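Data first, discussion second: the structure below is written as structure tokens.
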Amino acid sequence: TITGQKITINGKESSQTVSGFLMTLPLLPSDTILEVVEPASTPYIDLTIAVAEQFGISIERVEESVGKIIFSIKGGNCYKPCDIYLEPDWSSASFFAVAYAIASMGNRREYLLKGMKCGTSQADEAVLDIIEMAGAQIRRVTLEKDGLQDIYISTPNILKGFSFDATNAPDLFPILTVLA
């Protein structure tokens, strides 16, 4: 629904639509209020806002309640060039983490996810907690450069069942079906 300078969208199906609006609306000539009802995958929305801010775009979260987020977005902006550090991608790494948990099952071998950033705002970093819940062991070695970590994954015994709500990390769902 679009009325004047206010846009209301349902974010239940995907955070990608919300991210698209958050990246585009600052470029319009006038200010906009973006109301997102039933937002899903909110960590991805937060990541979009954090990246936009690095490029000089300010997106204000004016209200947040269960089932709704309202953003105030100033118009007339333009993205400014900047130097940006791109973190290693947990969505991609999750496939290897699960493969390593399965491949090492019962054979005492460790597999390495090299140079990962831990403590990020990436929702898919939760894969480490999930494979631990399933019986894998995680050993972290902090590297001196950039605070990255080498993550060693092994499963000394048999993997077991786990429970995880993938609402805010839907990219994990396909690989978690393999783990299950």
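The values are calculated or read from the model by the stated rules, or taken from the named source; none is laboratory data. As the structure is a prediction and not an experimental result, all values here were calculated from the model. Cβ: placed from backbone, ideal geometry, glycine included. Neighbour counts: every protein chain shown. Each accessible area value is taken on the protein alone, full model and side chains, heavy atoms only, with ligands, DNA and RNA left out. Shrake-Rupley method; radii C 1.70, N 1.55, O 1.52, S 1.80 Å.
For the reader, a short list of remarks on this structure follows.
- Descending by average beta-carbon neighbour count within 10 Å, the peptides 62-69, 76-83, 134-141 line up as 134-141, 62-69, 76-83, the highest first.
- Angle between the chain longest axis and helix 42-54 axis [Cα atoms, degrees, rounded to 10]: 60
- Whole-number Å³ per residue for the convex hull built on Cα positions in the range 1-66: 84
- The label point for D146 and the one for I84, both projected 7 Å from the Cα toward the Cβ, are 1.5 nm apart.
- The chain, accessible area per residue, ligands and nucleic acids excluded (1.4 Å, Å²): 56
- Sorted on the mean count of surrounding Cβ atoms within 10 Å across their residues, most packed first, peptides 41-52, 6-17 read 41-52, 6-17.
- Theoretical FRET efficiency, 1/(1+(r/R0)^6), r = Cβ-Cβ of R139 and K160, R0 30 Å, to 0.05: 0.95
- Working value for the range 36-157: equivalent-ellipsoid semi-axes of 36, 19, 9 Å, each the square root of 5 times a Cα gyration tensor eigenvalue, largest first.
- Exposure of F173 as accessible area (Å², to 10), given a probe of 1.4 Å and all protein chains: 120
- Modelled label positions at R61 and S30, each set 7 Å beyond Cα in the direction of Cβ, lie 2.7 nm from each other.
- Per-residue [θ]222 nm for the chain (sum of -39500 (n - 2.57) over DSSP H runs n ≥ 4, rounded to 500): -8500 deg cm²/dmol
- Relative contact order [Cα under 8 Å, 6+ residues apart], the chain, whole percent: 19
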